[in-house]
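Everything on this sheet refers to the single structure shown next.
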Amino acid sequence: MHAIELEHVCKSFGPVQAVDGLTVHVPPGCVYGFLGPNGAGKTTTLRMIMDIIRPDRGEIRLFGEPASSSVRSRVGYMPEERGLYRKMTVSAVLRYFGLLKGMTAEQLGRQVPAWLKRIDLAEHSRKKVEELSRGMHQKLQFAATVINDPELVILDEPFSGLDPVNQDLLREIIDGMREEGRTVLFSTHVMHEAERLCDFIVLINKGAVVVDGTLDEIRAGHESRTVSVELEGDGAFLRRLPLVAAVKPDGRRLDVTLQEGADPQDLLKALVERARVRAFEIKQPSLHEIFVRLVGGAHVEDR
Amino acid sequence: MWKIGRVAQREFLDTVKTKTFLLSLLSIPVLVVAIILLSRKMITSEAGPRPPVRVGVTSSSEEMFARIAAAFAAHNESHPQSPLALRPLPADGNEPSPQETGKEKLRQGGLDVYVVLEGDLEGKDGTLYFYTYQTKASQLDALGTVERVLRDAVIDRRYQARGIDRAVFQEIQSVPIRRIELGQEQGHEKEQSRGQQAVRMMVPFAFMYLIFIGIVGMGQHMISSIIEEKNSRIVEMLLSVVSPFQLMAGKILGLAGVGLAVMVLWGVAAYGAATRQGIEIDISTDLLVFGLLYYILGFVLFSALLAGVGSICNTIKETQSLMMPIMMVFIIPMIAWPALARDPNGDLARVLSYVPPATPMIMVLRLASSPDIWWGEIALSFLVLAGGVLVAIWAAGKIFRTGILMYGKRPGPREVLRWLREK
């Protein structure tokens, strides 16, 4: 059973088709990255998963049950728009969301201080929300999202607005959740965050899936054409090789981009014949490159 | 269902705990008591004698003038704090005419008021002319006194001229009246003062006013609470936990509770104050029970409308133009109440009883003014009101669901209608 299933989900706002036949399956117990450029339909999709807005067509199930059912109490959702009651105290906010999620007073008495300690807000627990800094505010909102230990956590752009220290803290917490067997789905347009954290990734653009799978699967589908080499002596001859498209110096090394369809093995052969090879590395394509290649390409085709 | 309760609880506590709420809760009774105490103090102890009001009088009749002089002297003796000063301006003398002299004196500030007795005042023709120039508001009550004293003097002179003893006439006119209201049991009788009757007239209004404050005053809190949640973007977080309907219902119930608490506090305070002043107010339990039901239904109706309005606006300012037409319906009973209280079963009262937003106020007013309204009318008004409540909740629920997540431009009426048609 999947934690989240989206089947051919469509949603339009007037003339704008925000989500266009999206099908995504999120397996339980993994960290799932929801990537895409601005306006790709990420937030709309997450809102539909949380039944905040309803799809025009298609089906959404959480743990095999419809999204509008009581199953939502097993899900924690942090929207991209940050906001909490400004006049409430930090601990009152956590208590209120805990109560709304059906926690008992006894559970609250345990969980609220524990989370405040975990996100370094214990000494601010009696302050009003409006007195907090932006980063603290965001951490508090995260704690309110997960106060009831939900099985599935959905985070919309969780890293935006956090300083590096707090980004590390959040990353640690997400890693911990994976170890506890919870499912985490988060959206981002910062690729290296996804690369570091995610087991699975889906890349969407214009409301439809561009590519999805594990990081390795996605990389396998997009073999890099870049090879990093280090040679003894002059490497000027590289440019004249028929299988080389471009050469870019990278410190002591050279980044060699191959022609389409060329085998890096052939390059190695050619190098060995002409010079001593100190290093030869087929570069893994970064998610960033894949992203730009896929989305950028789609943009070009459009015109 | 329990989620509605949690939302309502927070809404109630958060509203009650704000300083502005406590201020508004206390300020009105404090203000009322302060005004009563102050005005009483003003009447009983004045700071000292006021400067005399200078009254110029021109009278062609010697006897009449003597009468007036006597009346002024009598007044000054009984009211040493507000003396009147008589300045005779003789009627004879030709150039310039005495009237012009008097008016000129008035303009120059030598007089505060100039009175001319013209024609045959001892008979039945003749008129008293009161001339004033740039009258100050502080002199208005003094001028009233002057009028009264002079009129009294003229009447006195008329008795004298006709040879009638005024004391005899007063004896004839005096017929004592006592108003006694019978209680349920034998021997249960209550004397009623004039004030008591005024109170009888005021009680229906007071009830209606409590309903008005309870509904409309709380409406302001509704709007600001929705706008706050929308602007602080907390609403999406809430909607992931509760449904839009639960959120709206919780808000309405929470604020209805606040309104009820305010009404009970003020009602008890007013009742207590009236009883301490020796004014008895009977309120039947029927009225209280019906009043409570009308209030709750009316509040739900009004705040559902406001929830709809609030959800499509981004600032309090934007809501005001949309609130106007809704407020109008609530203002009508406030303006028309004397007519309604006098004729609680008249056509106007009957028709307004079935205009849902106005129903609670009108029906409470009618019930308080005349207890014998046919039960069928009460039942029908409840049905109409309940129907209105259902329609309002249905429409507001749809608008709230979509509007609460919209930022930026306010949607037009056509777009809102489209939301209503959506499944």
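The values are calculated or read from the model by the stated rules, or taken from the named source; none is laboratory data. Remember, predicted model here, so these are calculated numbers, not experimental data. Cβ sites come from the backbone with ideal geometry, for glycine too, and all protein chains shown count toward neighbours.
For A:Leu35, the conditions (1) buried (at least 23 other Cβ atoms within 10 Å of the Cβ); (2) within 14 Å of another protein chain (Cβ to nearest Cβ) are fulfilled apart from (2). Could you please find all residues in segment B:239-279 being closer than 25 Å to B:Met361 by Cβ and outside any helix (DSSP H, G or I)? Across segment B:239-279, the qualifying residue is only B:Ile279.
Restrict the check to segment B:174-192 and report whether at least one residue is in contact with a Ser or Thr (Cβ under 9 Å, 6 or more places away or on another chain), touching a residue at least 60 places away in the same chain (Cβ under 8 Å) and surrounded by 12 or more Cβ atoms within 10 Å (Cβ to Cβ). No: zero hits. Among (1) out of contact with any Phe, Trp or Tyr (no Cβ under 9 Å at 6 or more places or on another chain); (2) away from chain A (no Cβ under 14 Å), where does B:Phe302 come up short? With respect to (1) out of contact with any Phe, Trp or Tyr (no Cβ under 9 Å at 6 or more places or on another chain); (2) away from chain A (no Cβ under 14 Å), B:Phe302 is out only on (1).
All conditions in (1) within 27 Å of A:Gly39 (Cα to Cα); (2) within 13 Å of chain B (Cβ to nearest Cβ) hold for A:Asn148, with the sole exception of (1).
In segment A:55-79, what residues are facing another protein chain (nearest Cβ under 9 Å) and modelled with pLDDT of 85 or more?
The answer is A:Val75, A:Gly76, A:Tyr77, A:Met78, A:Pro79.
When the residues of segment A:80-95 are filtered to those that are touching a residue at least 40 places away in the same chain (Cβ under 8 Å) and in a helix (DSSP H, G or I), which remaining residue is nearest to the other protein chains (Cβ to nearest Cβ)? Ranking the qualifying residues of segment A:80-95, first place goes to A:Val93.
Residue selection: A:Arg134 satisfies the criterion of being within 14 Å of chain B (Cβ to nearest Cβ) and exposed (fewer than 15 other Cβ atoms within 10 Å of the Cβ). For segment B:320-333, check the following and say yes or no: at least one residue is surrounded by 17 or more Cβ atoms within 10 Å (Cβ to Cβ) and in a loop (DSSP other than H, G, I, E, B). Among the residues of segment B:320-333, not one is surrounded by 17 or more Cβ atoms within 10 Å (Cβ to Cβ) and in a loop (DSSP other than H, G, I, E, B), which makes the answer no.
For (1) assigned to a strand (DSSP E or B); (2) modelled with pLDDT under 80, each residue gets a yes or a no:
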residue: B:Leu22; (1), (2): no, no
residue: B:Ile35; (1), (2): no, yes
residue: B:Ser39; (1), (2): no, yes
residue: B:Ile43; (1), (2): no, yes
residue: B:Arg50; (1), (2): no, yes
residue: B:Arg54; (1), (2): yes, no
residue: B:Phe72; (1), (2): no, no
residue: B:His75; (1), (2): no, no
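Do you know which residues across segment B:359-398 are closer than 30 Å to B:Ser232 by Cα and surrounded by fewer than 23 Cβ atoms within 10 Å (Cβ to Cβ)?
Matches in segment B:359-398: B:Val389, B:Leu390, B:Val391, B:Ala392, B:Ile393, B:Trp394, B:Ala395, B:Gly397, B:Lys398.
Taking segment A:96-123 as the search range and keeping residues that are in a loop (DSSP other than H, G, I, E, B) and closer than 20 Å to B:Pro244 by Cα, which one is farthest from the other protein chains (Cβ to nearest Cβ)?
Selected residue: A:Gly102.
Restricting segment A:38-53 to residues that are more than 9 Å from chain B (Cβ to nearest Cβ) and either touching a Gly at 6+ places or on another chain (Cβ under 7 Å) or assigned to a loop (DSSP other than H, G, I, E, B) (or both), which is surrounded by the fewest Cβ atoms within 10 Å (Cβ to Cβ)? Among them, the one singled out is A:Asn38.
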